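Shown next, in structure tokens, is the structure this report addresses.
The numbers here are math on the coordinates, done by the rules we state, and not lab data. Note that this is a predicted model, so its numbers are computed, not measured. Glycine also receives a Cβ, built like all others from the backbone with ideal geometry; neighbour counts cover every protein chain displayed.
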Amino acid sequence: MSDQAVPQVNLPDGTLLPAIGQGTWNIGDEPSKKREEIRTLRQGIELGLRVIDTAEMYGDGRSEALVGEAIRGMRDDVFLVSKVYPHNAGLARIERSCEDSLKRLGTDRLDLYLLHWRGSVPLSETIRGMQRLMDAGKIVRWGVSNFDTDDMEELLGLEGGSSCSINQVLYHLGSRGIEYDLLPWQREHRIPVMAYSPLAQAGMLRNGLIRSAAVREVAERHEASPFQILLAWCIRGGGILAIPKASSEEHAAQNAGAGAIRLTAEDIAVLEAAYPKPLRKVPLDII
């Protein structure tokens, strides 16, 4: 499967990316799973899931190190994303954090570097730090994560803030809060959403979604798995890039296959009747 089988997302600079990528939270934590995790990431790349998202926070760099091994010899086939801790996002630390990430990843550049969440460092200072990294060729573009609408409005009001390429937030069928104002705002400003945890975090909510009668009804109609229906729903409206984590090569193949599913209006109505969007502003979900 190539990128063309998966819907595309446009970044503000015109770069086209597949709407399904690969998340790596908790990857690299268990040495016994290392070979399988590397095979799974490589399988995903070969199937067109070439956006790989990681962070210096994940396993204190272990995720980045494993991703670096997985993409060895495939770097030019990958759109590589990492994230900086808020306390490292000031001018005194951001360059060192970026260089450490690059070293662990075994590359000379990041395609996208994100502020992991908002901290005490002024946004204006982080913007300047990101611009310096771009000028030095260490990152190609930058963005943010876990920013709500008021944060995004403030960011775009700052000098250089309009260069933000993406905002990564939690989004799935059971967590639709961003649809009230953040998602429409980002679409209006042509800033894509990168959806983390699009299959819901492990636990009761995830189990509830997978076992949902509505999800299973739509899955049977498409001869697909519940996971694939959740992914297809997440990217249904455009401007959203989902980054599910795959636990196996089979799971990676399922994720890639979800890109070919086109939900009908009836499908979406069934799913959204079971999991309606909020009718008022709710706090941004973060995990």
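In whole angstrom, note down how far apart the Cα centers of the range 1-70 and the range 80-148 are.
Each part's Cα centre sits 18 Å from the other's.
Sort 133-141, 241-249, 47-55, 33-41 for me by packing, meaning the mean count of neighbouring Cβ atoms within 10 Å per residue, highest on top. Mind showing how you got there, number by number?
Values: 133-141: 16.2, 241-249: 22.0, 47-55: 24.8, 33-41: 17.9.
Highest-to-lowest ranking by the protection proxy: 47-55, 241-249, 33-41, 133-141.
Would you compute, for the Cα atoms of the range 17-105, the largest minus smallest coordinate along each principal axis and list the three values in descending order, in whole Å?
39, 32, 21
Roughly what % of DSSP beta bridges within the chain run antiparallel, to the nearest 5?
Working: 4 of 28 bridges.
Bridges in the chain are about 15 percent antiparallel.
Given a Förster distance of 35 angstrom, what is the FRET efficiency for residue 154 paired with residue 108, based on the Cβ-Cβ distance and rounded to 0.05? The partial results should precede the final answer.
Working: r = 32 Å, r/R0 = 0.92.
So, using R0 = 35 Å, E works out to roughly 0.60.
Among 205-217, 174-186, how do they line up by average Cβ neighbours within 10 Å per residue, starting with the highest?
On the way: 205-217: 15.8, 174-186: 18.8.
Listed from highest to lowest mean packing, they are 174-186, 205-217.
Within the set 83/281; 33/281; 245/281, which residue pairs have Cα atoms separated by over 30 Å? Let's see the in-between values first.
Values: 83/281 27 Å; 33/281 41 Å; 245/281 28 Å.
From 83/281; 33/281; 245/281, over 30 Å: 33/281.
For a footprinting-style exposure proxy, rank 165, 63 by other Cβ within 10 Å, fewest first. Kindly include the intermediate steps, with their values, before the conclusion.
Values: 165 20, 63 27.
So the residues, fewest neighbours to most, are 165, 63.
Which value in deg cm²/dmol, rounded to the nearest 500, describes the helix-derived mean residue ellipticity at 222 nm for the chain, given -39,500 (n - 2.57) per DSSP H run of n ≥ 4 and division by the residue count? The partial results should precede the final answer.
Values: 11 runs with 109 residues, N = 287.
Helices in the chain give a 222 nm mean residue ellipticity of -11000 deg cm²/dmol.
So if I place +1 on the C-beta of Lys and Arg and -1 on the C-beta of Asp and Glu, and nothing else carries charge, what would the dipole magnitude of the range 183-251 be about its Cα centre? I want it in debye, nearest 20.
That gives a dipole near 240 debye.
Between residue 96 and residue 5, what length in nm is gained on full extension when 0.36 nm per residue of separation is reduced by their alpha carbon distance?
Gain in length upon complete extension: 28.9 nm.
Return the Cα extents of the range 3-274 along principal axes one, two and three, sorted largest first, each rounded to a whole Å.
54, 43, 34 Å, listed from the longest principal axis down.
So between residue 36 and residue 286, what do we pick up on full extension, going 0.36 nm a residue minus the alpha carbon distance?
Details: separation 250, 0.36 × 250 = 90.00 nm, distance 2.82 nm.
Using 0.36 nm per residue and subtracting the Cα-Cα distance, I get 87.2 nm.
Starting from the Kirkwood radius over alpha-carbon pairs of the range 131-287, derive D by Stokes-Einstein at 20 °C in a medium of 1.002 mPa s and give it in µm² s⁻¹.
On the way: Rh = 16.7 Å.
D = 128 µm²/s.
Can you work out the Karplus-derived ³J(HN,Hα) for every residue in the range 172-177? Use 6.51 cos²θ - 1.76 cosθ + 1.60 with θ = phi - 60°, whole Hz, and x for glycine or proline.
Whole-Hz 3J(HN,Hα) from phi for the range 172-177: 7, 4, x, 9, 10, x.
Amide H neighbours of residue 110 under 5 Å, at least 5 residues apart or on other chains, H built in the peptide plane: list them.
139, 140
For residue 34, go through the aspartates and glutamates and keep the ones whose alpha-carbon is under 15 Å away, minus same-chain ones fewer than eight residues off.
Output for residue 34: 64, 69, 249.
Run the dipole for the chain about the Cα centre, Lys and Arg Cβ at +1, Asp and Glu Cβ at -1, nothing else charged, and hand back the magnitude in debye, nearest 20.
Numbers: 33 positive and 39 negative charges, 61 e Å.
Its charge dipole is roughly 300 debye.
Quick check on the range 212-287: what are the equivalent-ellipsoid semi-axes from the Cα gyration tensor, as sqrt(5λ), descending, whole Å? Let's see the in-between values first.
Numbers: eigenvalues 89, 60, 26 Å².
Over the Cα atoms of the range 212-287, the semi-axes work out to 21, 17, 12 Å.
Calculate the spin-label point distance for residue 269 paired with residue 77, positioning each point 7 Å from the Cα along the beta-carbon direction, and give it in nanometres.
Once both label points are built, they end up 4.3 nm from each other.
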